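Structure first, then comments.
Each reported figure results from applying straightforward, stated rules to the coordinates on display, with no laboratory input. All figures in this text were calculated on a predicted structure; none of them were measured in a lab. Cβ sites come from the backbone with ideal geometry, for glycine too, and all protein chains shown count toward neighbours.
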Amino acid sequence: MTRAVIIELLHLCVGLIATGLMFWAAAWSYPQGADTIWAVGYAALIAVAAMSLYEIRRAWKRGRQMRDD
C-alpha cells in the first residue's frame, strides 16, 4: 500500500469522524429532531465515503503503475 493510499484513507477517516461529530452535536442540541438529523447524517456519511472512493482507487492505481514500471 502506497503512501498516497494511506493518506487518502486517513482523509476518509477524518471526514467521516468530522461528519459524525457534526451530526451528533446537532442531534444532541435538538433532541426532538434527532431521528431526522441522524437520517440525514447517515446519508451524509455515505456521501462522504462515496466521494472518497474515487480518489482512493485513483491513488491505488497510480501506485500499482509506479510499481510495475
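How far, in degrees from 0 to 90, does helix 3-29 lean away from the longest principal axis of the Cα atoms of the chain, to the nearest 10? Once rounded, the angle reads 0 degrees. If you line up the long axis of helix 34-68 against the longest principal axis of the chain, both from Cα atoms, how many degrees apart are they, to the nearest 10? For 34-68 against the chain, the angle is about 0 degrees. Summed over qualifying helices (DSSP H, 4 residues or more, each -39500 (n - 2.57)) and divided by its residue number, the chain shows a 222 nm mean residue ellipticity of -32500 deg cm²/dmol.
Just subtract the alpha-carbon distance of Trp38 and Met51 from 0.36 nm times their residue separation and send over the number in nm, one decimal.
Result for the pair: 2.7 nm of gain on full extension.
Computed on the Cα atoms alone, the convex hull of the chain gives a volume of 52 cubic angstrom per residue. Spin-label model, Trp28 to Gln65: label points 7 Å out along the Cα-to-beta-carbon direction sit 4.4 nm apart.
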